[in-house]
1. Can you give the FRET efficiency for THR37 and CYS115, using 1/(1 + (r/R0)^6), R0 = 35 Å, r = Cβ-Cβ distance, to the nearest 0.05?
2. Using a Gaussian network model on the chain with a 10 Å cutoff between Cα atoms, which of TYR176, TYR145, TYR134 fluctuates the most?
3. Positive end of the dipole of the chain, charges at C-beta (+1 Lys, Arg; -1 Asp, Glu), about the Cα centre: which of SER152, SER199, MET72 has its Cα farthest in that direction?
4. Treating the beta-carbon of each Lys and Arg as +1 and of each Asp and Glu as -1, no other charges, what is the dipole magnitude of the chain about its Cα centre, to the nearest 20 debye?
5. For the ranges 320-326, 78-84, 148-154, 104-110, what's the packing order if you count other beta-carbon atoms within 10 Å of each residue, average per peptide, and put the highest first?
6. Work out, step by step, the length gained on full extension between LEU139 and ASP10: first 0.36 nm times the residue separation, then minus their alpha carbon distance; give nm to one decimal.
7. So what's the angle, to the nearest 10 degrees on a 0 to 90 scale, between helix 278-292 and the longest Cα principal axis of the chain?
8. For region 22-152, what is the convex hull volume of its Cα atoms per residue in Å³?
Amino acid sequence: MGKTKELSQDLRVRIVDLHKAGMGYKKISKVLDVKVTTIGAIIRKFKEYNMTINRPRPGAPKKISPRGVAMMLRTVRNRPATTRQELANDLKAAGTTVCKETIGNTLRNNGFTSCSARKVPLLKGAHVEARLKYANDHLKDEPSYWEKVLWSDETKIEHFGLNSTRHVWRKKNAAYDPKNTVPTVKHGGGSIMFWGCFSAKGTGLLHRITGKMDGAMYRTILRDNLLPSARDLKMGRGWVFQHDNDPKHTAKATKDWLKKNHIKVMEWPSQSPDLNPIENLWRELKVRVAKRQPTNLRDLERICKEEWAKIPPGVCAKLVVNYNKRLTAVLANKGFATKY
């Protein structure tokens, strides 16, 4: 239980004055809305020490000086991956010996928490500049512009994908009860690669990629899936196609095919999955598929296509309507990766 807040000096004096006037503990408690036990403690202190204020509370002095704390905070701000042992070694070199637990407590008291570092694509200077340019160029675009974009990407879905992260409610010492475990196999039990697309109006076709995809296969996928998806989603005239800068996507033959079919392509900054809202749909799909627990790869493909088609258009629309938040986040983080 946490410490309670101390009563003000004025309230303590009022308690003593009412007691001197002959009022009982319960009556004082009711009048001032203070616990009876607190009333008793204050009056006993007054009778014993003739004082209404708390005496100084003794305590062990802090092992790390303010200067040492400042040094630690400066170090973790500049190098967040610094370990507690490294900080302890730095303090020891400065004449202060403390354990790692004290280091951790001090950092937590100053607002720092130990967390797993997020894994993000490697961004070089050119990538950061391209991301900033993209964000600035499109920041003021109206929602109607994003509604005309057909987003696309490829993803791999494993047979035992998200099952391995499932949580269960269990009692102590029941961790290995079969009901509380998730079966796993090496390498995810096999996987399937998919190409998919979506717009603010809903999901397009989901195509299974068989074998290693090259430029010719990619163009076939676009012919058999991109154009039908654009028609089914009623993209109308002036729609824009988005895909990343994979070499198969930027090959001359692919560019010629897109130009021949009068498809306008969005200029895309490399290493930017956080700017493609289809990544959120892939996550949605994987969660849905994991709940259905496919038994084999054929079952996995069938379930993936069923669940992809069942994603509500409202989910797609929300991702597009809020797209400017991604651009704002990129600018706020100076072009580096964002939470999206």
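1. Details: r = 42 Å, r/R0 = 1.19.
The pair THR37/CYS115 has a calculated efficiency of 0.25.
2. Maximum fluctuation in the GNM of the chain, among the listed residues, is at TYR176.
3. It is MET72, whose Cα lies furthest towards the positive end.
4. 1540
5. Details: 320-326: 16.3, 78-84: 11.3, 148-154: 20.9, 104-110: 14.1.
Descending packing order for the listed peptides: 148-154, 320-326, 104-110, 78-84.
6. Values: separation 129, 0.36 × 129 = 46.44 nm, distance 5.67 nm.
Working it through step by step, the gained length comes to 40.8 nm.
7. It is inclined by approximately 80 degrees.
8. On the way: hull volume 41.2 nm³, N = 131.
So the per-residue hull volume is 314 Å³.
The values are calculated or read from the model by the stated rules, or taken from the named source; none is laboratory data. Keep in mind that this is a model prediction, so the values were computed, not measured. Here Cβ is always computed from backbone atoms with ideal geometry, including for glycine, and neighbour counts include all displayed protein chains. Heads up: the accessible areas ignore ligands, DNA and RNA and are worked out on the full protein's heavy atoms, side chains in. Shrake-Rupley method; radii C 1.70, N 1.55, O 1.52, S 1.80 Å.
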